[in-house]
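The structure appears below as structure tokens.
The values are calculated or read from the model by the stated rules, or taken from the named source; none is laboratory data. Treat the numbers as computed from the prediction; the structure is a model and nothing was measured. As a convention, Cβ positions derive from the backbone with ideal geometry for all residues, glycine included, and neighbour counts pool all protein chains shown.
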Amino acid sequence: MEDIELGPRITAKTKVYCLMGKPVEHSLSPAIHNASFRAMGLDYVYVAFDVEPHDLADALRSLRALGIMGANITHPHKTEALCFLDEVDREASITRSVNTIKNEDGVLKGYNTDGYGALRALIDTLGDLNGLRIAVVGAGGAGRSLVYRLSTLDCEVYLLNRTLERAKEFVERLQRTSRAKLRYAGLDDTSSISKADVLVNATPIGMTLPGTPVDPKCLKDQLLVFDMIYDPPKTPLLAEAERRGIKTLNGVPMLVYQAAEAERLWLGVEPPLNVMFEVAYKACRERAVP
Ligand code: NAP
């Protein structure tokens, strides 16, 4: 029988990577990483742990105790996890958000690959982002990570957030080292959305919350509307943009690219992106079937 039918062959030597979040049962990360490990011929397995916030410290300590080689951290633990790591890189520290941990002989090192994933997905779709006006709606971990990456480019970035103070605090912190022009505003600043070349949704609106994060009337001549959500693959925001003839991008490429960057950090090798994309799109197609 083919390996693919048997699934991963787990032995006493199998190395373990994991996801920690709550909830995790809908995550595509196990499918993507396990397919990638298999394609590289590695005796590694990736599992998902549903971790309550009050158990996070114990769960992270267990990485050392159990010799778990690396982890991804997802909602709602990305900020809290920073408190329990030995080292944190600049990106995770400035964005106050960690989504990848590497266990190096018991030293837990924290990184964030969400911004890389989102930026890479944008560049794949639009090419050069220099000179563009980009409105990012949502100053949570994912929104801050993308703005951090955009801050290295010669573009204009508007960070809009329901809680204005959160966007203000982050923009002011990043401003000193930013090449991009950074501005912040509340969600009612419809003019910065209308004027933007690219609109990005970095809120859960359209996934766990109904509706669109901005008034669809703001969708005019944008080059692209990018929704970080991948489940559903077409959110109400993307449907509205499509109806107006605007190019759209969902969260699948970001998901794959952030996963690939995590594997580069863990393993120091180039992962098989084609396999990772194939598995992610297949899983999305299967979910879309009622
Ligand atoms: P987060 O840290 O919890 O931040 C959530 C953001 O959404 C905050 O800015 C919050 O504003 C805003 N928000 C929440 N409810 C809102 C509402 N009812 N009205 C207006 N704004 C609201 O979450 P995250 O980790 O940044 O994730 C954000 C989105 O990106 C999620 O949909 C997640 O699935 C997606 N994501 C995708 C990928 C991928 O690989 N494709 C990776 C990471 C995240 P306040 O500050 O006012 O609370």
Quiz item: In the stretch 116-140, how many residues are near the ligand (Cβ under 10 Å from one of its atoms) and more than 17 Å from LEU187 (Cα to Cα)?
Solution: 3
Quiz item: Mind checking which pairs have a first residue in the stretch 223-239 that is more than 18 Å from LYS195 (Cα to Cα) and polar (S, T, N, Q) and a second that is in a loop (DSSP other than H, G, I, E, B) and within 14 Å of the ligand (Cβ to nearest atom), Cβ under 8 Å, 6 or more apart or different chains?
Solution: THR235/GLY206; THR235/MET207; THR235/THR212; THR235/ILE229; THR235/ASN250
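Condition check ((1) under 22 Å from LEU122 (Cβ atoms); (2) of a type in the set (A, V, I, L, M); (3) in contact with a Phe, Trp or Tyr (Cβ under 7 Å, 6 or more places away or on another chain); (4) modelled with pLDDT under 95) across all residues:
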| position | (1), (2), (3), (4) |
| --- | --- |
| GLU165 | no, no, no, no |
| SER178 | yes, no, no, no |
| SER194 | yes, no, no, yes |
| VAL198 | yes, yes, yes, no |
Quiz item: Can you name the number of the only condition in (1) crowded, with 20+ Cβ neighbours inside 10 Å; (2) touching a Pro at 6+ places or on another chain (Cβ under 9 Å) that THR125 fails?
Solution: (1)
Quiz item: Restricting attention to the stretch 122-156, which residues are over 24 Å from GLY70 (Cα atoms) and assigned to a helix (DSSP H, G or I)?
Solution: LEU122, ILE123, ASP124, THR125, LEU126, VAL147, LEU150
Quiz item: What is the residue count in the stretch 206-258 for residues that are at pLDDT 95 or above, closer than 17 Å to HIS26 by Cα and among the aliphatic types (A, V, I, L, M)?
Solution: 6
Quiz item: When the residues of the stretch 214-225 are filtered to those that are within 15 Å of the ligand (Cβ to nearest atom) and assigned to a loop (DSSP other than H, G, I, E, B), which remaining residue is surrounded by the most Cβ atoms within 10 Å (Cβ to Cβ)?
Solution: VAL214
Self-check item: Residue count, the stretch 159-186 (criterion: β-branched (Val, Ile, Thr) and either in contact (Cβ under 8 Å) with a residue 60 or more places away in the chain or part of a loop (DSSP other than H, G, I, E, B) (or both))
Solution: 2
Quiz prompt | Qualifying positions in the stretch 158-183 - more than 10 Å from the ligand (Cβ to nearest atom), within 21 Å of the chain's Cα centre (by Cα) and farther than 22 Å from ARG90 by Cβ | solution = TYR158
Quiz item: Taking the condition of a type in the set (Phe, Trp, Tyr) and in a loop (DSSP other than H, G, I, E, B), does TYR230 pass?
Solution: yes
Quiz item: What tally of residues in the stretch 92-109 results from selecting those that are more than 16 Å from the ligand (Cβ to nearest atom), assigned to a loop (DSSP other than H, G, I, E, B) and in contact with a Lys or Arg (Cβ under 7 Å, 6 or more places away or on another chain)?
Solution: 1
Quiz item: In this structure, is GLU278 farther than 28 Å from ASN130 by Cβ and away from the ligand (no atom under 14 Å from the Cβ)?
Solution: yes
Quiz prompt | Which listed residue, of GLY211, GLY206, is among the small types (Gly, Ala, Ser), within 16 Å of the ligand (Cβ to nearest atom) and buried (at least 20 other Cβ atoms within 10 Å of the Cβ) | solution = GLY206
Quiz prompt | In the stretch 27-86, the residues that are closer than 22 Å to ARG264 by Cα, among the small types (Gly, Ala, Ser) and either outside any loop (DSSP other than H, G, I, E, B) or touching a Cys at 6+ places or on another chain (Cβ under 6 Å) (or both) | solution = SER29, ALA31, ALA35, SER36, ALA39, ALA48, GLY70, ALA71, ALA81
